[in-house]
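Down below is the structure, laid out as structure tokens.
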Amino acid sequence: MLINQFLVLGAVLFCIGVYGVIVRKNAVLVLMSIELILNSVNINLLAFDRLNGGNDGAVFALYIIAVAAAEVGVGLAMVLLIFRNRKTISLDDLSEMKG
Amino acid sequence: MGWFLEHAWLIPVIPGVAFALIILFGKRMPRGGSEIGIASMIAALVLAGGAAYQWINRVDSSHEEVTPVLSRWEWFRIGDLRVSIGSHIDGLAVVMLVLVAFISTLVQIYSTEYVRGDRRYTHYFASITLFSAGMLTMVLAPNMVQLLLGWEIMGLCSFMLIGHWWEEKANSEAALKAFWTVRVGDMGLLVGIAMLLAIFNTLEIGKINELAAAGDFESKNLLMWAAVALFIACIGKSGQFPLHTWLPDAMAGPTPVSSLLHSSTMVVGGVFLVARIYPVFHIGLDMNIAGQRFNLVAVIGGITVLIAAALAFVQNDIKKVLAYSTVSQLGYMMMGLGVGAWTAAVFHIFTHAFFKCCLFLCAGSVAHTGSHHSFDMKKDMGGLRKRMPITFAAWIVSTAALCGIPFVSGFFSKDEIIDSAKYNDYKIFYVVGIIGAFMTTAYMTRATYLTFFGKPRGGAEHFAHELEHEHKTSRDSSWHITVPLVILGVLALVSGYLNAAPFKWHWFEHWTESSIGLPFGEGTFALPHPPEFSWSAAAPGLLLVAAGFGISLWLCRALFGSETSRLRGLTQRNPLLGAGHKFLVNKYYLDALYEKVIVRGIAYPISKAAYWTNQHILDGIVNTVGKTGRRTGDLVYKYIDQGLVDGAVNASGTTATSAGGALQPVQSGKVSMYGALLFGAAAVGGLVLVLVNT
């Protein structure tokens, strides 16, 4: 079983996702990076699912896909509203939370 | 078996790979990626042609029932359910593969001229290639999941292509409307697929057909609901009544896109799905109301034929006339499938693809050269007959095919549908069919008259002056545009002879019908055999076509030919006609119904109810809790707080203030910094976990 390759792929995707979340200024791209992170988790789940020969991992992955879809829906709606109010989706301009 | 049949899965893979290449390297290519797209479509066409050749050999050399050629790999597995990906090649798949690859190739060649210099030239070719890949994936799907995959790829690409010029708000709204309207139907597809899995315990198309045709299911009621759910998807995709409203708006995209969308891909998807798992619809939607047995597919198709044809009369935009004509012709296909004329309906998909693609490309050619990029027939066209001879010739041939003039392709397919309706006990739909043919001829005569005859107006007049300056009598579009027009025009003329009932030529039927798993033979749901052709049976329809041409020509001459006609402004003077005209112009108020009544009707009461709950119930609770809390608080304050706690609180407060001051820089308000902290903390946590566990 080629479990290592899958795990490496998952790790690489995860790192790309984290990099995107931290570095990108565009809110939509950050959402996309979050998707990458979620999908790297899915790859791990499915890899271990295959290794152990059950269905649990696949079912978890399906749940994650469904939740991710909902999350992106909400996230994009928020981005849209922010864009309507301020004509920008650059995250650097959204610093009201500054303490 | 044949190499091409076994490797048919390459056909969608090639454009799929081409899409990736165009996206990655297209901008650096000398022709902006269009060469990759065209090359991939030609490769797909060659493979599809090879597959068609070998399939015909296979059918001709076999004396028994022909079986489909399957090649599959496991895609994923959940529990015992194994879903495969691959190809399922039978007559229907072969027809569609050749058709899609062929039309896509021509449309891409045409596009190189039509969208030349566009700012998103590369993206255009990327999307249109992926679009073809989606349709090809769908037509050779061996199971419902791959079909869904192709279906959704097409939905996405149609959104991108319709909204290609999204800078204009109307275009991006049209794209959204197309996407969401089709999505309404797509829910039905998901539900329907799940129900099919529950009923037949398999997702393989071949097996579903076999089991449904053999009546091997527990309850017909359940099958009916599955078929209804799937049919909703077909209504959405194929623009059937009442979800047809997105199709005319989809004209916002570039003309080659409309042409591809409306001829062989996208809108045919719904009809294809009905044809693909035909036994499910044939048996599932077989209704029996008030002693009258009928099929729901035929009813929806019949309604669509008439309402769409009526709408085509009041359009001034040439592309919208063609759009409603497509809706109406799709209605014919659905009607054909509903009345049990499977072959005739599939044959109509085949012939319709050529002549409708040709008509759209002609409209594009007129706008590109003759009318200064306007599609308004009344303002910017007229008198282009001699000035654009090739376009005119292709238009006339395709119009003849669309109207069903004898010995042109459309006649053979449409007449067989109408004939089958008559012989299979659908008398009403026979009448609907011939009235539809009458209306088709009438509105196409109107469009032809306005575009090519009479005096040039607006943009066309300008074009005429340009020609006079250059001392030319005609100037057609460049060869990128005219060559596809000529090829399609010739095919619009001759493609019907593959299945010409008057001459008893039935090759198309012979090659496609086997191996689908249609329920021929005996039984309650047996399909009737196609009726024998006779000129006397075709005569009423042909007479009505002739009448439609005559009346429409007379009206057009009276209305648009002279300035002083009594008929001019009739809709303003006669209140009854005016009301009818307004009703049609407003598209039966269906758009208003969807937006104002349904969307608001559902959204407003919900928000009102939520507000009421919020104000009365939640606030009441909160207020009571608040009042009680306050009284308690007063007591506590008096005795405990002041005396006992304050000291402790003050001490902790001071501590908190200093801690807050220290941590303040962390709260920078920068999302990326929060993200970095989050992942940093997670990494530390993970490290601790590893250390603890080892």
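For region B:351-442, what does the relative contact order come out to in percent, with C-alpha contacts under 8 Å and a separation of six or more?
Relative contact order of region B:351-442: 24 percent.
Calculated FRET efficiency, B:LEU197 and B:MET287, Cβ-Cβ r, R0 25 Å, to nearest 0.05?
Approximately 0.55, to the nearest 0.05.
Ordered by packing density, taken as the mean number of other Cβ atoms within 10 Å over each peptide's residues, highest first, how do B:339-346, B:38-45 rank?
Ranked by mean Cβ neighbours within 10 Å, highest first: B:339-346, B:38-45.
Compute the distribution of all C-alpha to C-alpha distances in region B:308-412, in bins of 10 Å from 0, and list the percent of pairs in each, rounded to whole numbers.
It works out to 15, 43, 30, 10, 1, in whole percents.
Could you work out the relative contact order of region B:66-186? I mean the mean sequence separation of Cα pairs under 8 Å and 6+ apart, divided by the number of residues, in percent.
Numbers: 132 pairs, mean separation 24.4, N = 121.
Reported relative contact order: 20 percent.
What percent of all Cα-Cα pairs in chain A falls in each 10 Å bin, counting up from 0?
With a bin width of 10 Å, the distribution comes to 16, 36, 28, 14, 6, 0.
For B:LYS608, which lysines qualify as cross-link partners when the Cα separation must be under 21 Å and same-chain residues fewer than eight apart are set aside?
Candidates past the 8-residue exclusion: B:LYS596.
Using 7 Å Cα-to-Cβ label points, what is the A:ILE65/B:THR657 separation (nm, one decimal)?
Rounded to a tenth, the inter-label distance reads 5.6 nm.
Given the options B:TYR278, B:ALA52, B:VAL671, identify the residue whose Cα lies farthest towards the positive end of the charge dipole of chain B (+1 on Cβ of Lys, Arg; -1 on Cβ of Asp, Glu).
Value computed over the given set: B:VAL671.
Net charge within 14 Å of B:THR399 by Cβ-Cβ distance, Lys/Arg positive one each and Asp/Glu negative one each, not counting B:THR399 itself? Let's see the in-between values first.
Numbers: positive: B:LYS356, B:ARG385, B:LYS414, B:ARG446; negative: none.
Within the 14 Å Cβ shell, the charges total +4.
Partner chain Cβ atoms within 10 Å, averaged over the residues of B:662-674 - can you pull that number for me?
The per-residue average across the peptide is 4.
Specify the angular offset, from 0 to 90 degrees and rounded to the nearest 10, of the alpha carbon long axis of helix A:3-23 from the longest principal axis of the alpha carbons in chain A.
For A:3-23 against chain A, the angle is about 10 degrees.
Please compute the average number of Cβ atoms from other chains found within 10 Å of each residue's Cβ in peptide B:72-79.
So the per-residue partner count for this stretch is 2.
Straight distance only, please: which lysines reach the Cα of B:LYS427 with their own Cα at less than 18 Å, same-chain residues fewer than 8 apart left out?
Candidates past the 8-residue exclusion: B:LYS414.
Ranked by accessible surface with a 1.4 Å probe, highest first, in what order do B:TYR114, B:TYR639 come?
In descending accessible area the options line up as B:TYR639, B:TYR114.
Can you compute the FRET efficiency between B:TRP505 and A:LEU80 using 1/(1 + (r/R0)^6), with r the Cβ-Cβ distance and R0 = 56 Å? Round to the nearest 0.05.
0.45
Which FRET efficiency, nearest 0.05, do B:GLU466 and B:PHE25 yield, Cβ-Cβ r, R0 45 Å?
0.70
For chain B, with the dipole built from +1 on Lys and Arg beta-carbon atoms and -1 on Asp and Glu ones, taken about the Cα centre, which of B:LEU361, B:ALA93, B:LEU337 lies farthest toward the positive end?
Positive-end residue among those listed: B:LEU361.
Accessible area per residue of chain B at 1.4 Å probe, in Å²?
Counting only protein heavy atoms, the per-residue value for chain B is 44 Å².
Write down the accessible area per residue of region A:26-92 in Å², having rolled a 1.4 Å probe over the full set of protein chains. Mind showing how you got there, number by number?
Working: 4070 Å² over 67 residues.
That works out to 61 Å² for each residue.
If one takes the accessible area of chain A alone plus chain B alone and subtracts that of the pair, with a 1.4 Å probe, what total in Å², rounded to the nearest 100, results?
1200 Å²
Divide by every residue of chain B the summed helix terms, -39500 (n - 2.57) for each DSSP H run of at least 4, and state the resulting mean residue ellipticity at 222 nm, rounded to the nearest 500 deg cm²/dmol.
Per the formula, -22000 deg cm²/dmol.
At a 1.4 Å probe radius, carbon and sulfur cover how many percent of the accessible area of the protein assembly as shown?
That share works out to 67 percent.
Over region B:354-432, with a single point scatterer placed on each C-alpha, what log10 of the ratio I(q)/I(0) does the Debye formula yield at q = 0.13, 0.24, 0.26 1/Å?
Debye intensities relative to I(0), on a log10 scale: -0.53, -1.03, -1.13.
Using the structure shown, list the pairs from B:LYS169/B:LYS379; B:LYS177/B:LYS320; A:LYS25/A:LYS87; B:LYS169/B:LYS378; B:LYS320/B:LYS472 with a Cα-Cα distance above 20 Å, or answer none.
Among B:LYS169/B:LYS379; B:LYS177/B:LYS320; A:LYS25/A:LYS87; B:LYS169/B:LYS378; B:LYS320/B:LYS472, the Cα-Cα distance tops 20 Å for B:LYS169/B:LYS379; B:LYS169/B:LYS378; B:LYS320/B:LYS472.
Tell me the label-point distance for the pair A:LEU94, A:LEU2, using the 7 Å Cα-to-Cβ offset, in nm and rounded to one decimal.
Result: 3.9 nm between the two label points.
Hey, if you put +1 on the Cβ of every Lys and Arg and -1 on every Asp and Glu Cβ in the protein assembly as shown, which of B:SER84, B:LEU322, B:SER495 ends up farthest toward the positive end of that dipole?
Result: B:LEU322, furthest along the dipole toward the positive end.
Which value in nm describes the separation of the simple spin-label points at B:LYS427 and B:LYS207, placed 7 Å from the Cα toward the beta carbon?
Computed distance between label sites B:LYS427 and B:LYS207 equals 4.5 nm.
How big is region B:63-121 in terms of Cα radius of gyration and Dmax, in angstroms?
That works out to 18.9, 56 Å for Rg and Dmax.
Contour minus end-to-end for B:THR473 and B:ASP646, with contour as 0.36 nm per residue of separation and end-to-end as the Cα-Cα distance?
52.2 nm
Going by alpha carbons, how many degrees (0 to 90, nearest 10) lie between the helix axis of B:169-200 and the longest principal axis of chain B?
In chain B, helix B:169-200 runs at an angle near 90 degrees to the longest axis.
Please compute the net charge surrounding B:ARG457, taking Lys and Arg as +1 and Asp and Glu as -1 over other residues with Cβ under 10 Å from its Cβ.
My count for the surroundings of B:ARG457 gives 0.
For chain B, take the longest principal axis of its alpha carbons; what is the angle in degrees between that and the long axis of helix B:318-338, to the nearest 10 within 0 to 90?
It is inclined by approximately 90 degrees.
Assuming a viscosity of 0.692 mPa s and a temperature of 37 °C, what translational diffusion coefficient in µm² per second does Stokes-Einstein assign to chain B, Rh being the Kirkwood radius over Cα pairs?
Numbers: Rh = 28.1 Å.
This corresponds to a translational diffusion coefficient of 117 µm²/s.
Taking B:LYS582 as the anchor, which aspartates and glutamates have their alpha carbon closer than 20 Å to its alpha carbon, excluding any fewer than eight residues away along the same chain?
In chain and number order, the partners are B:ASP249, B:ASP317, B:ASP376, B:ASP591, B:GLU595.
How do the peptides B:273-280, B:205-212 rank, highest first, by the average count of neighbouring beta carbon atoms within 10 Å per residue?
Output ranking for B:273-280, B:205-212: B:273-280, B:205-212.
With n ≥ 4 as the cut-off for DSSP H runs, can you work out [θ] at 222 nm for chain A, using -39500 (n - 2.57) per run divided by the number of residues, rounded to the nearest 500?
-28000 deg cm²/dmol
The values are calculated or read from the model by the stated rules, or taken from the named source; none is laboratory data. Quick caveat, the model's predicted, so the values are computed rather than measured. No Cβ is skipped: glycine too gets one built from the backbone with ideal geometry, and neighbour counts run over all protein chains shown. Just the protein is used for accessible areas: all its heavy atoms, side chains included, with ligands, DNA and RNA removed. Shrake-Rupley method; radii C 1.70, N 1.55, O 1.52, S 1.80 Å.
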